[in-house]
Amino acid sequence: MDVRHLDLLRELALRGSVTEVAHATHRTPSAVSQQLKAAQREFGMVLVEPSGRGLRLTEAGRVLAGGGAEVAAALERVRARWDSFRGEPSGTVTVAVLPSAGTFLLPEVMRELEGSAIELRCSDFDIAEAEFAALAADNDIVVAHSFTGVRPEGTAPLHVEPLAREPLDVAMAADHPLAAKESVRTEDLVDCEWIGVPKGYPFDHVLGSIEQATGVSLRVSQRIRDNRLVEALVAASRRVAVLPRFTTPTGAGLVLREIEDVPTRRHITAILRADRAERLAVGRVLEAFRRAAAIVEERHRRR
C-alpha cells in the first residue's frame with residue numbers, strides 16, 4: 001500500500017478539487033490526475049468519479065482518504081515524540097487569525113513564545129464564519145469565531161479547541177440618546193440606524209436575534225468588515241453597531257452597552273487538522289493561545 005496514494009486522496013478530500021490539490025502540492029493538475037489513476041490501479045477500485053467539471057471521491061475513495069488522515073496523524077505523533085526527546089518543541093507554526101480576535105490574543109502569545117525555538121508565522125482573514133474551515137488546509141492553527149456555538153460552521157471533520165467567549169455589545173457615540181442607559185433592551189434598538197457586517201458574519205447574528213425578538217426589520221445602512229472603520233463612523237454619527245467588548249476602545253467619543261434580553265456572546269475557537277494537532281510545537285502554541293484568552297477574560301471580569 002503506497003502511503004503517497006493515501007496522502008493524495010486525503011488532500012483531495014480536504015481541498016475538494018484536483019486543481020486545489022495541484023496548487024497546494026506544487027504539481028500540475030495533469031500530474032495529480034495521473035497519480036489518481038495510479039492509485040485506482042493499485043487498489044483495484046474506482047476511487048474518484050465525475051462531479052460537474054471536476055472529480056469527487058467515491059465511498060471507497062473516502063475510506064482510503066480517512067486512512068491517509070490517520071497515517072498523517074501518526075507521523076505527526078512520531079515527530080512530537082522526537083521533539084520531546086530532543087527536549088524542546090521547535091519549527092514553524094502557521095496561524096491564520098480573525099483580526100478582532102488576534103488583536104487581544106496574538107500580543108500575549110508572541111510574548112510567551114519569545115526566545116523559544118518556535119517561529120510563528122501569522123496571517124489575518126476577515127471572512128464569513130463558514131469560510132474559516134478551509135484555512136485549516138494550509139495553516140496549523142486557525143483562530144475563528146462563531147455566534148451559534150463552539151464549533152464554527154463547516155468544521156465537523158476538524159479538531160476545534162475553545163479559547164474564549166467574548167460579549168458583543170452595541171456601540172454608539174457618547175452623546176447618543178441610548179448612551180444614558182447602563183444597558184439596552186432589544187425594544188430600544190428597533191428605531192436605530194445600523195452599521196452592520198456582511199451576511200454570514202457572526203456579528204450579523206446579533207441583529208438577527210434583535211429582529212426575531214421584536215418582529216421588526218432593522219435599518220442597516222452600511223455593511224462594513226473593518227472594526228476600526230465602524231468605530232469611526234459610529235462615533236461621528238447617530239448610527240449604532242455591534243462591536244466586540246475586549247478590543248473596542250471606549251472613552252474617546254464611543255461607548256458600549258450590553259443588550260439585556262438576547263444572547264450576544266461569540267465563541268473564539270482554534271481550528272486544527274487532526275494531524276497538525278499532534279505536532280508538539282503546534283500544541284505549545286495552542287497552550288499559549290489558551291493562556292492569552294484566559295488572561296483577557298479575567299481582566300474583563302475584574303472590570
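None of the figures in this text is laboratory data; all of them are computed from the coordinates on show. Note that the structure is a prediction, hence the values are computed from the model and not measured. All Cβ positions, glycine included, derive from the backbone under ideal geometry; neighbour counts span all protein chains shown.
Odds and ends about this structure:
- Convex hull projection area averaged over all views, region 3-80, Cα basis, nm²: 5.0 nm²
- This model, with +1 at the C-beta of Lys and Arg and -1 at the C-beta of Asp and Glu, gives the chain a dipole about its Cα centre of some 420 debye.
- Spacing of the modelled spin labels on Val216 and Glu112, each 7 Å from Cα toward Cβ, amounts to 4.4 nm.
- Estimated from the Cβ-Cβ distance and a Förster radius of 25 angstrom, the FRET efficiency linking His300 and Cys122 is about 0.60.
- When the trypsin sites (Lys or Arg not before Pro) in region 182-264 are filtered for DSSP coil states and for at most 12 other beta-carbon atoms within 10 Å of their beta-carbon, the remaining sites are Lys199.
- Sparse-neighbour loop sites [GluC sites (Glu not before Pro); region 112-187; at most 12 other C-beta within 10 Å; DSSP]: Glu114, Glu182
- Annotation note: trypsin sites (Lys or Arg not before Pro) in region 1-73 located in DSSP loop regions with a Cβ neighbour count of at most 14 within 10 Å are Arg53.
- The share of alpha-carbon pairs in region 166-265 lying farther apart than 22 Å comes to 16%.
- For region 62-187, the dipole from Cβ point charges (+1 on Lys and Arg, -1 on Asp and Glu) about the Cα centre works out to 500 debye, to the nearest 20.
- Comparing Gly61, Val48, Ala38 along the charge dipole axis of region 3-80, the residue lying farthest to the positive side is Ala38, per the Cβ-charge model.
- Span from the region 80-94 Cα centroid across to the region 244-303 one, whole angstrom: 26 Å
- Extreme residue, positive dipole direction of the chain, given options Val109, Ala241, Ile295 (C-beta unit charges): Val109
- Length added when fully stretched, Ser84-Thr58, from 0.36 nm per residue minus Cα-Cα: 5.5 nm
- Counting neighbouring beta carbons within 10 Å and listing from fewest to most, the residues Met110, Met172 come out as Met110, Met172.
- Nearest-0.05 FRET efficiency for Arg41 and Arg228, computed from C-beta distance (R0 41 Å): 0.15
- Dipole moment magnitude, nearest 20 debye, region 166-265 about Cα centre, only Lys, Arg, Asp, Glu C-beta charged: 340 debye
- For the chain, the C-alpha radius of gyration sits at 1.18 times the compact-globule guess of 2.2 N^0.38 Å, with N the residue count.
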